[in-house]
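Report on the following structure.
The values are calculated or read from the model by the stated rules, or taken from the named source; none is laboratory data. Values in this document were obtained by computation on a predicted structure and should not be read as measured data. As a convention, Cβ positions derive from the backbone with ideal geometry for all residues, glycine included, and neighbour counts pool all protein chains shown.
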Amino acid sequence: MRTRRIWLPIVSVIVALLVVLPTLIVIPMSFTGEQSFKFPPDSWSVRWYRSFGQSEAWRTSLVFSIEVALCVMALTTVVGTMVAFGLRGLPTRVASWAQSIVLIPIIIPTIITAISVYETFLRWHLSGSLLGFTLAESVITLPYVVLSIGVGISRIDPRLAKAAATLGARPLAVFFKVTLPLMLPSVLTAMLLAFVASLDEPVIALFLSTPTKQTLPVQMYNSMLQVTDPTVAAASTILLTLVTLGGAVALVVVPYLRRSRRGTRT
């Protein structure tokens, strides 16, 4: 038993390094002073970040990606909360079937979803629009939000809501003053998951993109097909930084909210 306790952290660290290190190689490559990719770089420069900032195509794709991610985060958080509460109110067997239906977008390959969305949105003239990207990426992001918020709801004592209702609070007041503060860590986690998943989604975005409306992953893909220069590495580092910041917020803020909630109870 003691040997297992020693080896488990070691194996976990090794696996984490194998997963993370190949991704981190792109960071020093983005600071190269050369005209092409080379690791390790012979010279150092921020010229490719200047190239990223001076390019209207790169700037536009980054801004559009953030806009889509924020819209997806807002939409899936609202809809996911309602779905999670709806599943909680169903009988156990019906809820399990309904949850399986909600999780279908995770099971189906993204390429199939992308083709279906492309066919439909092309007829509805939604390709290349903010609404089209938001709706399409919300489909594959919603299951993660429902699962996260569902876990938060399951940890709430239902007697608290009943007590508030008994004291005269209306349903909306019970939700905003009792239920929502208790499930806030799960809601925040779901929001960050939705934001990161949408920001880093390449397949559906590739099908819905137009020459004037592209997300950052699609712009990176198109740039690799046309001109291979370290600007792509700079864009990758920026995207990696945004995703890492989202994860850092979840690691810092969510535990803080949970501790403060426990302190309020005591």
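Odds and ends about this structure:
- Among the residues of the stretch 84-101, not a single one is surrounded by fewer than 17 Cβ atoms within 10 Å (Cβ to Cβ) and closer than 26 Å to V243 by Cα.
- Taken residue by residue, the stretch 149-156 has at least one member that is hydroxyl-bearing (S, T, Y), assigned to a helix (DSSP H, G or I), surrounded by fewer than 21 Cβ atoms within 10 Å (Cβ to Cβ) and modelled with pLDDT under 85.
- Inter-residue pairs, beta-carbon under 6 Å, first within 22 Å of Q219 (Cα to Cα) and in the stretch 236-258, second polar (S, T, N, Q) and modelled with pLDDT of 80 or more, 6+ apart: T237/S30
- The helices (runs of 4 or more DSSP H) located wholly in the stretch 10-92 that include 3 or more residues which are in contact (Cβ under 8 Å) with a residue 40 or more places away in the chain and among the aromatic types (F, W, Y) occupy 47-54, 56-88.
- Just one of (1) surrounded by 14 or more Cβ atoms within 10 Å (Cβ to Cβ); (2) of a type outside the set (D, E); (3) modelled with pLDDT under 80 fails for V19. It is (1).
- Residue satisfying condition, being surrounded by fewer than 17 Cβ atoms within 10 Å (Cβ to Cβ) and under 18 Å from S198 (Cα atoms), within set I140, I112: I112
- Complete set of residues in the stretch 217-237 that are surrounded by 18 or more Cβ atoms within 10 Å (Cβ to Cβ), assigned to a helix (DSSP H, G or I) and either of a type in the set (A, V, I, L, M) or touching a Phe, Trp or Tyr at 6+ places or on another chain (Cβ under 7 Å) (or both): V218, Q219, M220, T231, V232, A233, A234, A235
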